Amino acid sequence: MEAKRRALQLAQAGVPVYPLALGSKTPPKGHHGYREATTNTDAILRWSDDWGLGIDLFTAGMLVVDLDRPGTDRNGHAVHGGKNGVKALKIYLEQHQRQLPHPMYAEQTPHGGLHLFFKLDQPLQQPTRKPNALPGVDILGDFVIASPSEVDGSPYLVMQDQAQPVSIHDTATAPQWIVDLLTAPQTAFNPTKANSFMKGQKTYTGRLFDKIAQGADEGERNNWLASVTGSILSAGTDPANAYYLIGWINERFISPPLDDREVNAVFKSVCKYH
């Protein structure tokens with residue numbers, strides 16, 4: 001109910017929102033993530049009371065700096081690959097003699113990371129995100145999960161200076177250097193030149209990584225994830241680790257991600273043959 005209340009507040013202020021399944025980063029079955037984000041309060045009132053919420057950053061004219069912190073989930077699995085985005089950003093700011101603008105609206109993620117929200121002077125050309133713009137730092141210009149949504153039993157929490165509270169609507173405008181981190185092209189890469197350094201035939205692992213990197217869109221998501229899951233299990237991966245991996249792959253490489261029930265169904269189906 002709290003998420004629905006906040007979704008209504010955001011929508012009334014012109015920020016498009018979309019529903020998330022209970023305790024999940026993925027949309028409820030039959031929904032399509034940020035692609036169906038809305039400011040229509042009548043539509044939001046029809047949301048289930050236990051759903052979480054996400055924000056369509058692109059349409060809202062915002063971006064988020066997503067800072068990872070090393071830690072573990074409630075099952076003891078390492079999260080964020082041990083990367084420390086807070087430390088990486090601090091080093092970057094010191095090296096380039098830059099500062100984060102204020103006032104700044106921020107939220108803490110369920111695994112201890114940080115989401116720093118900024119407005120944009122100019123809209124982006126298209127929804128986009130830059131994973132690892134810095135080690136452990138993602139720049140999001142498409143969508144983001146927002147408080148009070150919960151994942152792994154922990155909520156996204158609004159971080160406030162009680163003396164000077166900042167709303168998401170009053171957060172600072174992103175300086176150009178943050179926008180550049182998001183929109184600057186990746187370092188030039190010449191596949192032909194790279195292939196000249198490869199020895200022999202591509203390995204099974206190499207083909208698997210290529211398959212994952214290609215990702216999947218609507219219409220092919222289930223079959224693609226089933227194929228990737230089978231490849232991971234065929235490589236001898238422990239089923240528990242395989243399950244953890246496909247959850248991460250679903251979030252990162254499928255657009256929009258499948259909901260948890262569909263991921264579970266795919267995994268159980270594939271496991272019957274391995």
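What to note about this one:
- Within the range 88-100, the residues that satisfy the criterion of being touching a strand residue (DSSP E or B) at 6+ places or on another chain (Cβ under 9 Å) and over 14 Å from HIS115 (Cα atoms) are ALA88, ILE91, TYR92.
- Residue in the range 59-69 that is at pLDDT below 95, over 27 Å from GLU218 (Cα atoms) and either touching an Asp or Glu at 6+ places or on another chain (Cβ under 7 Å) or buried (at least 16 other Cβ atoms within 10 Å of the Cβ) (or both) present: yes
- Per-region count, the range 20-55, residues more than 17 Å from SER255 (Cβ to Cβ) and not hydrophobic (A, V, I, L, M, F, W, C): 11
- Whichever residue in the range 160-182 is touching a Pro at 6+ places or on another chain (Cβ under 8 Å) and outside any helix (DSSP H, G or I) and, among such residues, is surrounded by the fewest Cβ atoms within 10 Å (Cβ to Cβ): GLN164
- Top-ranked residue of the range 31-58 - restricted to ones that are among the β-branched types (Val, Ile, Thr) and part of a helix (DSSP H, G or I), ranked as surrounded by the most Cβ atoms within 10 Å (Cβ to Cβ): ILE44
- Summed over the range 43-64, residues that are farther than 20 Å from ASP152 by Cα, of a type in the set (D, E, K, R) and free of Cβ contacts under 8 Å to residues at least 60 places away in the same chain total 1.
- Tally, over the range 15-30, of residues that are modelled with pLDDT of 90 or more and open to solvent by 50 Å² or more (accessible area, probe 1.4 Å): 1
- Where PRO110 falls short, out of the listed (1) modelled with pLDDT under 95; (2) open to solvent by less than 40 Å² (accessible area, probe 1.4 Å); (3) closer than 15 Å to LEU181 by Cα; (4) of a type outside the set (A, V, I, L, M): (3)
- Residues satisfying the stated conditions in the range 217-274, i.e. in contact with a strand residue (DSSP E or B) (Cβ under 6 Å, 6 or more places away or on another chain) and surrounded by 13 or more Cβ atoms within 10 Å (Cβ to Cβ): ARG221, TRP224, ILE254, SER255
- Residues within the range 14-55 that are touching a Gly at 6+ places or on another chain (Cβ under 9 Å) and under 22 Å from GLU262 (Cβ atoms), tallied: 16
- Close Cβ contacts (under 6 Å, 6 or more residues apart or on different chains) running from residues in the range 204-233 that are at pLDDT below 90 to residues that are open to solvent by less than 30 Å² (accessible area, probe 1.4 Å) and outside any helix (DSSP H, G or I) comprise ALA216/ILE254; ARG221/ILE254; ARG221/LEU258.
The values are calculated or read from the model by the stated rules, or taken from the named source; none is laboratory data. Note that the coordinates shown come from a computational prediction; the quantities given were computed from them, not determined experimentally. Here the Cβ is made from the backbone with ideal geometry for all residues, glycine too, and neighbour counts use every protein chain on show. Protein only, heavy atoms only, side chains kept; ligands, DNA and RNA dropped before computing areas. Shrake-Rupley method; radii C 1.70, N 1.55, O 1.52, S 1.80 Å.
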